[in-house]
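Here's the structure we're looking at; comments come further down.
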Amino acid sequence: MSVDLILFFVLALVAVAAAIGMLVSQNAIYSALFLVINFATVAVFYLLLGAPFIAMAQITVYAGAIMVLFLFVIMLLGAEKLAPGKVLRYQRPLAISLAIVLVAEAAYLLIARVQSTAAIVPPTEATNTVDAMRELGMALFSDYLLPFEVTSILLLVAMVGAIVLTKREKGEQ
Amino acid sequence: MGPVPVTYYIALSAILFTIGALGVLIRRNALIIFMSVELMLNSANLAFVAFANTYQQLNGQIIVFFVIAVAAAEVAVGLALIVAIFKTKHSIDVDQMSSLKG
């Protein structure tokens, strides 16, 4: 067992445990905090995969902005827990069996079909330099310039949409 | 046994995606369903970065950058919708959102 493999398995265990914790928590605040742990471990995976820029974007945008927004809305609505209502009866076993089918399909594809022996290239000194970052920026502003600009319009539309949706209408209390 | 095979990362991505799909199917709280969608987006990102590393291409990382930007926009609008629904229904239970009449 190399250090890389041990690191992978420990982090994978943390990521899956945090995801399951999010799934089963009754309190929405705990779910959000479990999801922050999951995002942080995925950011470490990005570092191991030699993508430091994406790792930092993951921490600032996902674990920072998005999850703070989630926590803010949960506390604003006071909706940590749902009032006990009618329980889903047949959906739960059905969903779990469908999820098992999905995992089995993925396992079949990975084990039986993919004959890939490709291994992850560990990050070197060069992946964490400014030059590597510059290369990413150059690709973003040359080959992917149009999608980049469209993304800015998308963010503007989302901002306007969020304001319109939560705006108090005239005559409303 | 030296470096980590790329299939391990894809398997982890598949497991995380399934947990997210399960969350969408079995939870009734709209906020937790939304978090599960974020988890699924995130697992897809992990697969993208793993393949970007295997083929030593930057394209995968750039796609992930765009997915993160789209996720941020989606969260802003989605949470605004949840707040608007809470104002009229006083609940975020998805079972209560069954009628089209306000």
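The values are calculated or read from the model by the stated rules, or taken from the named source; none is laboratory data. In this text, all values refer to a predicted model and were calculated from it rather than measured experimentally. Methodologically, a virtual Cβ is constructed for each residue, glycine included, from the backbone with ideal geometry; neighbour enumeration extends over all protein chains shown. Protein only, heavy atoms only, side chains kept; ligands, DNA and RNA dropped before computing areas. Shrake-Rupley method; radii C 1.70, N 1.55, O 1.52, S 1.80 Å.
Conditions first: (1) farther than 23 Å from B:ALA80 by Cα; (2) open to solvent by less than 30 Å² (accessible area, probe 1.4 Å); (3) under 13 Å from the mean Cα position of the chain (by Cα). A:ALA63 passes all but one, so which condition is the exception?
Of (1) farther than 23 Å from B:ALA80 by Cα; (2) open to solvent by less than 30 Å² (accessible area, probe 1.4 Å); (3) under 13 Å from the mean Cα position of the chain (by Cα), only one is false for A:ALA63: (1).
Among residues belonging to the range A:156-173 that are modelled with pLDDT of 80 or more and either surrounded by 15 or more Cβ atoms within 10 Å (Cβ to Cβ) or assigned to a loop (DSSP other than H, G, I, E, B) (or both), point out the one that is farthest from the other protein chains (Cβ to nearest Cβ).
Taking the candidates together, the pick is A:LYS167.
From B:PHE17, B:PHE65, which residue is within 7 Å of another protein chain (Cβ to nearest Cβ), in a helix (DSSP H, G or I) and among the aromatic types (Phe, Trp, Tyr)?
The unique qualifying residue is B:PHE65.
Mind checking whether some residue in the range A:10-17 is within 27 Å of B:GLN61 (Cα to Cα), open to solvent by less than 30 Å² (accessible area, probe 1.4 Å) and more than 13 Å from the chain's Cα centre (by Cα)?
Yes: one or more hits.
Which members of the range A:68-80 meet the condition of being more than 9 Å from chain B (Cβ to nearest Cβ), open to solvent by less than 60 Å² (accessible area, probe 1.4 Å) and under 18 Å from B:GLU38 (Cα atoms)?
Within the range A:68-80, just A:LEU71 meets the criteria.
Among the residues of the range A:21-59 satisfying the criterion of being of a type in the set (Ser, Thr, Tyr) and within 15 Å of B:LEU12 (Cα to Cα), which is surrounded by the most Cβ atoms within 10 Å (Cβ to Cβ)?
Taking the candidates together, the pick is A:TYR46.
Restricted to the range A:129-155, and to residues that are more than 23 Å from the chain's Cα centre (by Cα) and in a loop (DSSP other than H, G, I, E, B), which residue is modelled with the highest pLDDT?
The qualifying residue modelled with the highest pLDDT is A:ASP143.
Sort out which residues of the range A:114-147 are open to solvent by less than 80 Å² (accessible area, probe 1.4 Å) and at the interface with chain B (Cβ under 8 Å from one of its Cβ atoms), and write them in order of number.
A:VAL114, A:SER116, A:ALA118, A:ALA119, A:ILE120, A:VAL121, A:PRO122, A:LEU136, A:ALA139, A:LEU140, A:TYR144, A:PRO147
Given the criteria assigned to a helix (DSSP H, G or I) and out of contact with any helix residue (DSSP H, G or I) (no Cβ under 6 Å at 6 or more places or on another chain), does B:ALA73 qualify?
It is false that B:ALA73 is assigned to a helix (DSSP H, G or I) and out of contact with any helix residue (DSSP H, G or I) (no Cβ under 6 Å at 6 or more places or on another chain).
Give the residue that is farthest from B:ALA76 (Cα to Cα), with candidates limited to residues of the range B:23-37 that are within 7 Å of chain A (Cβ to nearest Cβ) and open to solvent by less than 30 Å² (accessible area, probe 1.4 Å).
Here the residue is B:ILE26.
Counting just the residues of the range B:1-14 that are of a type outside the set (A, V, I, L, M, F, W, C), part of a helix (DSSP H, G or I) and open to solvent by 20 Å² or more (accessible area, probe 1.4 Å), which one comes out nearest to A:LEU7 (Cα to Cα)?
Here the answer is B:TYR8.
Tell me, which helices (runs of 4 or more DSSP H) wholly within the range A:42-128 include 3 or more residues that are modelled with pLDDT of 85 or more and closer than 26 Å to B:ARG28 by Cβ?
A:67-77, A:91-108
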